[in-house]
1. What Kirkwood hydrodynamic radius do you get for chain B when you take the inverse of the mean 1/r over all pairs of distinct Cα atoms, in Å?
2. How large is the dipole of the protein assembly as shown about the Cα centre if only Lys and Arg carry +1 and Asp and Glu carry -1, each at its Cβ, rounded to the nearest 20 debye?
3. When only DSSP loop residues count, what chymotrypsin sites (Phe, Trp or Tyr not before Pro) in segment A:35-73 have their Cβ near at most 16 other Cβ atoms within 10 Å?
4. With each label point set 7 Å from Cα along the Cα-Cβ vector, what nm distance links B:LEU9 and A:SER100?
5. Give me the distance in nm between label points sitting 7 Å out from Cα along the Cα-to-Cβ direction at B:THR20 and B:ASP443, one decimal.
6. Can you give me the Cα centroid spacing of segment B:313-354 and segment B:382-436 in angstrom?
7. Restrict the search to segment A:30-119; then list the trypsin sites (Lys or Arg not before Pro) that DSSP places in a loop and that have at most 15 other Cβ atoms within 10 Å of their Cβ.
8. Report, in debye and to the nearest 20, how large the dipole of chain B comes out about its Cα centre when Lys and Arg carry +1 and Asp and Glu carry -1 on their Cβ.
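Rule-based calculations on the coordinates, nothing more; no lab input. Note that the coordinates shown come from a computational prediction; the quantities given were computed from them, not determined experimentally. When we count neighbours, we look across all protein chains shown, and the Cβ atoms used for this are built from the backbone with ideal geometry, even at glycine.
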Amino acid sequence: MSPAADPPGAQGGGPARHAGLLGALERAMAAINRLVVFAGMLALLVASLVLTYSVFSRYLFKAATDWQDEIAVFCIVGAVFLAGAWVQAQRGHVGIEALSSVLSPGINRIRSVVVDVLTLAFCAFFAWKSWTLFHEAWVDKMTTSSTFAPPLTIPYGLMALGMTLLVVQIALQIAYYFARRDTRASG
Amino acid sequence: MSMLALGLLFGGVTLLVMATGMPIAFSLGFVAIVFMALFMPAASLDTVTQNVYEEMASITLLSIPLFILKGAAIGRSDAGRDLYLAMHAWMQRIPGGLGIANVFTCALFAAMAGSSPATCSAIGSAGIPEMRRRGYSPGFAAGIIAAGGTLGILLPPSITMILYAVAAEVSLGRLFLAGIGPGLLLVALFSLYAAYRFAKEFRTAHAAFEREGTHSAYLEQKTYSLHEKIEMLPRVLPFVILLIGVMFALYGGYATPSETAGLGAVLALVLIAVVYHVWRPVQLGPILGATLKESTMLMFIIGMSLLFSYVMSYLHISQSAAQAIVAMHLSKWMLLAAILFLVIVLGFFLPPVSIILMTAPIILPPLRAAGFDLIWFGVLMTIVMEMGLIHPPVGLNIFVIKNIAPDIPLADVIWGVLPFVGLMFVAIFLICFFPGIATGIPDAVMGPPVVR
């Protein structure tokens, strides 16, 4: 429950801090994140509007509301997973910082890169299993169990895509660490 | 491996991984997957993502981002400041009225925004300077705001309560209603304390004036004319109506809790467009961006906590721990005290969302076996976790206050907050002795609970 204080888009949109290939990748990722965040914002709005519509349609037209909840679920799941990389770019996934405040800066840098590598391993595994899930849903034409029955490839695909972006983002952050270390070593 | 050893290993590894500073969401997922790989059939690893998706794809859980959106819309407009000014103008005749106005504004705003830190920053940035200008001691002013902000997770709609309702499988509507009584009790206790503390500081200032002629802002009375008071209403009333309207839609049976979230978000956006002319994409961007950021962070933690609990339950760790607690044959109230203590300790490290989802499978069965009403306990647990927001070492609200008023020393803020922590303990005792404070309103509105 972080205080939502800092302006969004502050990170990820700024000028690239690295030269060469890494800088190009950084800019590309920032552009993707901007796009994805825009889509995520729209998805949140759509979800709110759909649920609002659901209240009124039930009340005014006595219409059954079967598809609204699922559309809202898909929108929000999609928004959340796709924005995962953008939040990671701002280091917005909260952790317990007690240890980092007592360690020396040098050890802390090593700690943070080890943490990133572990996070990368977890996210890569999760992304891989999301794609296999997506593939399964695609081959078996899986749908949700409601009468509306939208294909499950939609949320699974969004989850897989989001986790993949997250993997790329963390990999880039690890690459920054080594790039900085090289600069320090040579300079 | 024995159950105890497995449980200790699981708990130990989790603490260790979290202590490295790995984001909470990824720590939980990481530990879950490692234990799946080591102790569960290989096939379980193949379904891990499906598992997370199915647990998360509940519209009740996914209404959380929409509640956050509603809060962000209101929190980032000037509604907080206006609400505060109006409250202040209307309550100025009561002794200590300014402090009480702050408590009331925090409560109202928190109920609309549903977020403690957002309440602290919105009301605090107007309230703290004003209280200090009027001579309130900095610690007292900071304490009122930090404590007032916590009311957000008790008054509906509260994110913490949504998660509890999901984890404990209790009625969310009933739980929301059960929070109202204790919420009002806390408002009353905080207000009484504010009045008492005001009287005390006023006497000190008055005595100093009599003795040495030291002038204090305390001794000045600022008055508003009726005209001024009425002028302030049009900007505030829409938000109060929004608050009441959304509750009405929920309890009148017009909307499900998740639809209430969507409706609330849309209405809040419409209101800030009409009242504060916030409607351009460039103005809405920060609101939606902040919502997306906080929601993503939170939903990742929730999704991974659910996976973590799933592994814990598959390996029978939660069940064994629950049985072990039952087998200790603690007296009813000892059990409650021990569990609340556990929640307080966890609150030192973890945000409320993870505490609920990780501990629910362990602590709820013994409580149910001991005959406690889980709705009632949900309210108690929420208050205990609220306290975690204002006591060190995490005390998120304290740091929000530190941000708004950087010149107040941290020690002053903490000393200012402590009496309110005490008052929360008083509230907990009162709710234990008079459970009707929590269960009375839901019983009256929705009928007595169905006995399971």
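1. Working: mean 1/r = 0.0432 Å⁻¹.
Across chain B, the inverse of the average 1/r is 23.1 Å.
2. Working: 34 positive and 30 negative charges, 175 e Å.
Rounded to the nearest 20 debye, it is 840 debye.
3. Values: sites: A:PHE38, A:TYR53, A:PHE56, A:TYR59, A:PHE61, A:TRP67; in loops: A:TRP67.
Sparse-neighbourhood loop chymotrypsin sites (Phe, Trp or Tyr not before Pro): A:TRP67.
4. Label at B:LEU9, label at A:SER100, 3.1 nm between them.
5. Taking the simple label geometry, B:THR20 and B:ASP443 are separated by 5.1 nm.
6. So the separation of the two Cα centres works out to 23 Å.
7. Details: sites: A:ARG34, A:ARG58, A:LYS62, A:ARG91, A:ARG109, A:ARG111; in loops: A:LYS62, A:ARG91.
Here the trypsin sites (Lys or Arg not before Pro) that fit, given the DSSP loop and packing criteria, are A:LYS62, A:ARG91.
8. 580 debye
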